[in-house]
Ligand SMILES: [Zn+2]
C-alpha cells in the first residue's frame, strides 16, 4: 500500500513521515532524499538530475517518476510505503495512479497537513539539514546537542539553499499553483484526510496516528 503525505513546504511532511515510520514500521520514500542519493552515487538518473539542475531546469515528471519507481520496486511488497514530496503536480498524480493500477497497489490514504503561510515561513527559516546523513533539525524544536554538528553522524549541519528566505516565497508560490491542485485529484477517492498541521508536534502526531488507524480499518 501507499500512503501520501502532502502539504506546503514547511508543513512538517518529512518530520511526520519519520514519525509514521517509527510508529508503524512503514518505509519512507522522500523524493528530495532520492534525488540527493542518486546525485551522490552518480547513477545514470543522478547524472541526468545533476545536468537538469545545473542548467537551471526542473527535474521533469518522467525522470522524477523513474526515480520514485526504482525505490518503490526496491521496497518489500508487504510493507506500506510513505511518499513524502510526491506527487508534486496533477500529472505526477496521474502517473502514480496508473502505476498503482498496473501493480495492483492500494492507496492507504492521503494525509494533507494543512498549515497557514505564517507558520510555514517561520518553520522553514529555522530548518537545518545534515550534510552527511540527511537528518533534519529545527533551531527551535529539534536542536542538535552540539551546535552545527549532527547528533546521528557528526556531519555538518547547514541550511538548504531552498530554505533561504528568497527561495521560500518562490517555493510557496509553486506549491499553491502546482501541488495544491493535486488534492483535487484525491478528493473523490475518500482516502483524503485533512490534518491541522499548525498544532503542536505532539498533537499532530496523535491526530496522524488516529487517522492511520481509521484508514487501515476502512481498507481491511
Ligand atoms: Zn548526520
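All of the numbers you see were taken from the coordinates with simple rules; none came from a lab. Because the structure is a prediction, the values reported are computed rather than measured. Cβ: placed from backbone, ideal geometry, glycine included. Neighbour counts: every protein chain shown.
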Next item on the list: Run the numbers on the range 127-220 and let me know its relative contact order in percent, using alpha-carbon pairs under 8 Å that are six or more apart.
Entry: 17 percent
Notebook entry, point to check: With r defined as the distance between the Cβ atoms of residue 114 and residue 149 and R0 fixed at 35 Å, what FRET efficiency is calculated, to the nearest 0.05?
Noted result: 0.55
Next item on the list: Classify the range 84-126 as rounded, prolate or oblate from the Cα gyration tensor: take a ≥ b ≥ c as the square roots of its eigenvalues, call it rounded if a/c is under 1.5, otherwise prolate when a/b beats b/c and oblate if not.
Entry: prolate
Check: Using 1/(1 + (r/R0)^6) with R0 = 41 angstrom and r between the beta carbons of residue 141 and residue 105, what's the FRET efficiency to the nearest 0.05?
Finding: 0.75
Notebook entry, point to check: If R0 is 25 Å, what FRET efficiency do you get for residue 47 and residue 69 from their C-beta distance, rounded to 0.05?
Noted result: 0.90
Notebook entry, point to check: Taking N as the number of residues in the range 88-179, what is its Cα Rg relative to 2.2 N^0.38 Å?
Noted result: 1.39
Notebook entry, point to check: Which ordering of 86, 137 is given by a fewest-first count of other beta-carbon atoms within 10 Å?
Noted result: 137, 86
Margin query: Can you classify the chain as rounded, prolate or oblate using the Cα gyration tensor, where a ≥ b ≥ c are the square roots of its eigenvalues, rounded means a/c under 1.5, and otherwise it's prolate if a/b beats b/c and oblate if not?
Written below: rounded
Margin query: Show me the ranking of peptides 185-192, 58-65 by mean Cβ neighbours inside 10 Å, starting with the highest.
Written below: 58-65, 185-192
Next item on the list: Give the shape of the range 135-213 as rounded, prolate or oblate, defined through the alpha-carbon gyration tensor: a ≥ b ≥ c are the square roots of its eigenvalues, a/c under 1.5 means rounded, and otherwise the shape is prolate if a/b is larger than b/c and oblate if not.
Entry: oblate
Check: How do 214, 104 line up, fewest other C-beta atoms within 10 Å first?
Finding: 104, 214
Margin query: Below 8 Å between Cα atoms, with a sequence gap of 6+, how large is the relative contact order for the chain in percent?
Written below: 27 percent
Checklist line | Distance histogram for the range 45-116 (every C-alpha pair counted, 10 angstrom bins, percent rounded to whole numbers) | finding: 16, 47, 28, 9
